[in-house]
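A.B. asks: Sharing a structure with you now.
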Amino acid sequence: MEVEEQIIRELHQVPRQLYREILDFIREKKKKAGKLISDTALASESSLKKDWLRPEEDEAWADL
């Protein structure tokens, strides 16, 4: 948790009037990270679906 502690220490040294800007920055980074994961999942779907759509896969998951 060293990095987290460093961030918190730095935040305590920043003027409060900058808190909104910092919060917006954090939220934007989280949104971009979520979008990157979604884009990666969508990009891999076409190559993975050839394995998903096999009869053997249906059999393997039928009992669940």
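A.B. asks: Between helix 2-12 and the chain, what is the angle of the helix's C-alpha long axis to the longest principal axis, kept within 0 to 90° and rounded to the nearest 10?
C.D. replies: Result, in degrees: 40.
A.B. asks: With a 1.4 Å probe and every protein chain kept in, tell me what percent of the accessible surface of the chain is carbon plus sulfur.
C.D. replies: 59 percent
A.B. asks: Also: Name the aspartates and glutamates eligible as straight-distance cross-link partners of Lys31: C-alpha to C-alpha under 20 Å, and not fewer than 8 places from it in the same chain.
C.D. replies: Glu4, Glu21, Asp39
A.B. asks: Tell me the angle of helix 19-52 to the major Cα principal axis of the chain, expressed in degrees between 0 and 90 and rounded to the nearest ten.
C.D. replies: 10 degrees
A.B. asks: Accessible area per residue of the chain at 1.4 Å probe, in Å²?
C.D. replies: That works out to 99 Å² for each residue.
A.B. asks: Rg over Rh of the chain, using C-alpha atoms and the Kirkwood radius, what does it come to?
C.D. replies: 1.35
The values are calculated or read from the model by the stated rules, or taken from the named source; none is laboratory data. Just so it is clear, the structure is predicted and the values come from calculations on it, not from any experiment. Surface accessibility is based on the protein's heavy atoms, side chains included, excluding ligands, DNA and RNA. Shrake-Rupley method; radii C 1.70, N 1.55, O 1.52, S 1.80 Å.
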